[in-house]
1. For the stretch 27-48, check the following and say yes or no: at least one residue is farther than 21 Å from residue 222 by Cα, of a type in the set (Lys, Arg) and modelled with pLDDT under 60.
2. Across the stretch 129-144, what is the total count of residues that are at pLDDT 95 or above and either in contact with a Leu (Cβ under 6 Å, 6 or more places away or on another chain) or among the aromatic types (Phe, Trp, Tyr) (or both)?
3. In the stretch 190-210, is there at least one residue being surrounded by 21 or more Cβ atoms within 10 Å (Cβ to Cβ), at pLDDT 95 or above and either in a helix (DSSP H, G or I) or among the charged types (D, E, K, R) (or both)?
4. Just one of (1) touching a Leu at 6+ places or on another chain (Cβ under 7 Å); (2) in a strand (DSSP E or B); (3) farther than 17 Å from residue 58 by Cβ; (4) not hydroxyl-bearing (Ser, Thr, Tyr) trips up residue 223, so point out which.
5. For residues that are assigned to a helix (DSSP H, G or I) and buried (at least 23 other Cβ atoms within 10 Å of the Cβ), tally how many sit in the stretch 123-148.
6. Evaluate the stretch 75-93: report whether one residue or more is at pLDDT 95 or above and within 19 Å of residue 161 (Cα to Cα).
7. Being out of contact with any His (no Cβ under 9 Å at 6 or more places or on another chain), over 18 Å from residue 34 (Cβ atoms) and hydroxyl-bearing (Ser, Thr, Tyr) narrows it down to one of 139, 215, 187, so name that one.
8. Listed residues 62, 48; which is touching a residue at least 24 places away in the same chain (Cβ under 8 Å) and on the phi > 0 side of the Ramachandran plot?
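The values are calculated or read from the model by the stated rules, or taken from the named source; none is laboratory data. It should be emphasised that the depicted structure is a prediction, and the values quoted were computed from it without experimental measurement. Every residue, glycine as well, gets a Cβ built from its backbone with ideal geometry; the counts of neighbours run over all protein chains shown.
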Amino acid sequence: MFLLALIVALCVSISVVVVTQLRRDPSWYKHAKFRCSIPNALAITFDDGPGRSTGEIIDKLDALGVKGTFFVNGRTATTDMTRPQTAALVRRAFESGHQIASHTLTHRDLTTLNATEVRDEMLHLEEVLYPVIGMRPRYMRPPYGRLSDLARRVIQALDYQIIIWNIDTNDWCVKHPHDSDASFEQYVKAMAQAPRDASFIALQHDVHPATNAAYVERVVAYAKAAGKRLVRMDECMGAPGTAYASQ
């Protein structure tokens with residue numbers, strides 16, 4: 001019981017970390033995007049992959065005619081881009097028209113790093129991705145949604161757009177990795193509390209079992225019924241064609 005209470009407390013504390021950090025250090029968040037720039041849109045995004053559900057999610061999105069955005073890592077406990085099968089998933093997503101974006105090489109908390117370390121996290125992932133997709137991403141999401149103004153300056157000097165979110169499905173937290181209903185409910189709550197033409201950037205992780213093809217199909221159906229246009233991140237920002245740099 002104590003362990004469960006501790007886990008719940010940890011999830012709650014991490015869920016509000018972005019808001020807490022904005023209060024303490026508001027200098028960086030003015031440069032980040034928390035929602036789409038165009039009205040009535042939804043960008044479905046996936047962090048921490050490629051992972052256990054990436055392949056079936058790509059297949060489902062393709063079948064539904066929807067493009068998603070995958071914020072990928074290069075080398076973590078759940079993914080390793082040097083493995084051929086992992087690289088193949090990223091290539092397949094890219095070739096299917098989904099957007100590949102940066103989540104840094106090793107998912108370190110960027111608020112703990114100096115400028116050189118932040119730059120290395122970004123550029124080393126580019127080095128891993130370029131042989132796979134022949135492009136360098138220009139959108140990124142900081143791990144844990146945490147950023148310092150120092151890290152922000154380094155990242156923007158590398159010509160990256162910084163993306164956060166305004167729907168956190170909490171699919172990483174407590175029961176959510178195994179409970180797609182709990183994750184789906186975050187969409188319902190967010191849309192119910194927002195104006196009808198509101199836009200959203202939704203966070204989930206393609207490394208958890210409940211974030212799978214069936215869940216994605218349910219989210220897409222709900223969003224379409226609500227009149228949302230489902231878009232990639234570059235479209236979400238009102239800047240289609242800006243997802244990558246070729247050199």
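1. No, the conditions are met nowhere in the stretch 27-48.
2. Here the count works out to 3.
3. No: the stretch 190-210 contains no residue that is surrounded by 21 or more Cβ atoms within 10 Å (Cβ to Cβ), at pLDDT 95 or above and either in a helix (DSSP H, G or I) or among the charged types (D, E, K, R) (or both).
4. (2)
5. Looking only at that region, the number is 2.
6. Within the stretch 75-93, not a single residue is at pLDDT 95 or above and within 19 Å of residue 161 (Cα to Cα).
7. Values: 139 fails: over 18 Å from residue 34 (Cβ atoms); 187 fails: over 18 Å from residue 34 (Cβ atoms).
Matching residue, one of 139, 215, 187: 215.
8. Working: 62 fails: on the phi > 0 side of the Ramachandran plot.
None of the other options fit; the residue is 48.
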